[in-house]
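Here is the structure we will look at.
The values are calculated or read from the model by the stated rules, or taken from the named source; none is laboratory data. Keep in mind the model is a prediction, meaning the values are calculated, not measured. Glycine also receives a Cβ, built like all others from the backbone with ideal geometry; neighbour counts cover every protein chain displayed.
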Amino acid sequence: AQSVTQPDIHITVSEGASLELRCNYSYGATPYLFWYVQSPGQGLQLLLKYFSGDTLVQGIKGFEAEFKRSQSSFNLRKPSVHWSDAAEYFCARWDSSASKIIFGSGTRLSIRP
Amino acid sequence: DAGVIQSPRHEVTEMGQEVTLRCKPISGHNSLFWYRQTMMRGLELLIYFNNNVPIDDSGMPEDRFSAKMPNASFSTLKIQPSEPRDSAVYFCASSPQQGGTDTQYFGPGTRLTVL
């Protein structure tokens, strides 16, 4: 089965610093890829998604992600984080072989004042 | 525009009792998903429906779990009998298109505690 890996369990960055959250996916013909954010006590919210076309995808809240087929990666970036960005971030992909969406294990982001 | 609505938001019950979680998807959405989230196992897809029809229930842990979608605006997830290991946050999500290639809109979740 296809899979999604988020190698970082927890990341802490200073407010105003840049951010990059890593996501790697197993090879698949149709890499439908997503980034979701979960604030404490809430459900998940879509930040951005990639299906095809331009490999640099812009999302909400100032986030972007770049699809790199050669590295099997779909890393999430933000130039300058705000304290309100503290949350759990999930990378996900559509598993075409199983016809279901697969979520990574998540990366918890903390913001240092 | 109301999002996905889940009830109850919190449920505390004793082992052996029946638990029913409810979900109202966004109007006009064709797919509905039930997830379970725990610290140990992360976010797991339990079952999803396309046009009220169950498509994949391979994530349902065991026969104690069942889900129904009698119409386009309502779904239930039932656990009978409940066990302490079922304690988790259960999310419902809906999506405009069939399958999982489109954006999913999540409800706020139901936090279940089984004593």
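Structure values in brief
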quantity	calculated
Filtered residue count, segment A:66-80, keeping only those that are closer than 26 Å to A:A17 by Cα and surrounded by fewer than 20 Cβ atoms within 10 Å (Cβ to Cβ)	9
Verdict on B:P8 being modelled with pLDDT of 95 or more and surrounded by 17 or more Cβ atoms within 10 Å (Cβ to Cβ)	no
Residue under evaluation A:L46, criteria (1) away from chain B (no Cβ under 14 Å); (2) without any contact (Cβ under 8 Å) to a residue 60 or more places away in the chain; (3) not aromatic (F, W, Y), criterion not met	(1)
Residues located in segment A:30-40, provided they are out of contact with any Leu (no Cβ under 7 Å at 6 or more places or on another chain) and either more than 13 Å from every other protein chain (Cβ to nearest Cβ) or closer than 16 Å to A:D85 by Cβ (or both)	A:S39, A:P40
Yes/no for A:T12 being at pLDDT below 95 and among the β-branched types (V, I, T)	no
Residue that is crowded, with 21+ Cβ neighbours inside 10 Å, in contact (Cβ under 8 Å) with a residue 24 or more places away in the chain and under 29 Å from A:I9 (Cβ atoms), where the choices are B:F49, B:F33	B:F33
Filter result (without any contact (Cβ under 8 Å) to a residue 60 or more places away in the chain and of a type in the set (A, V, I, L, M)) within segment A:82-100	A:A86, A:A87
Residues that are of a type in the set (S, T, Y), in a loop (DSSP other than H, G, I, E, B) and under 24 Å from B:G16 (Cβ atoms), drawn from segment B:63-85	B:S82
Every residue from segment A:33-62 that is more than 18 Å from A:K78 (Cα to Cα) and surrounded by 20 or more Cβ atoms within 10 Å (Cβ to Cβ)	A:G43, A:L44
Test set (1) under 12 Å from A:D85 (Cβ atoms); (2) within 14 Å of chain B (Cβ to nearest Cβ); (3) surrounded by fewer than 17 Cβ atoms within 10 Å (Cβ to Cβ); (4) of a type in the set (V, I, T) - A:T5 fails condition number	(1)
Which numbered condition B:R41 fails, given (1) surrounded by fewer than 15 Cβ atoms within 10 Å (Cβ to Cβ); (2) touching a Ser or Thr at 6+ places or on another chain (Cβ under 8 Å)	(2)
Subset of segment A:60-113 (residues that are among the polar types (S, T, N, Q) and within 14 Å of chain B (Cβ to nearest Cβ))	A:S96, A:S97, A:S99, A:S105, A:T107
Counted residues, segment B:86-112 - those being at negative phi, touching a residue at least 12 places away in the same chain (Cβ under 8 Å) and not in a strand (DSSP E or B)	10
Residues of segment B:83-112 that turn out to be away from chain A (no Cβ under 14 Å) and either of a type in the set (D, E) or in contact with an Asp or Glu (Cβ under 7 Å, 6 or more places away or on another chain) (or both), as a count	3
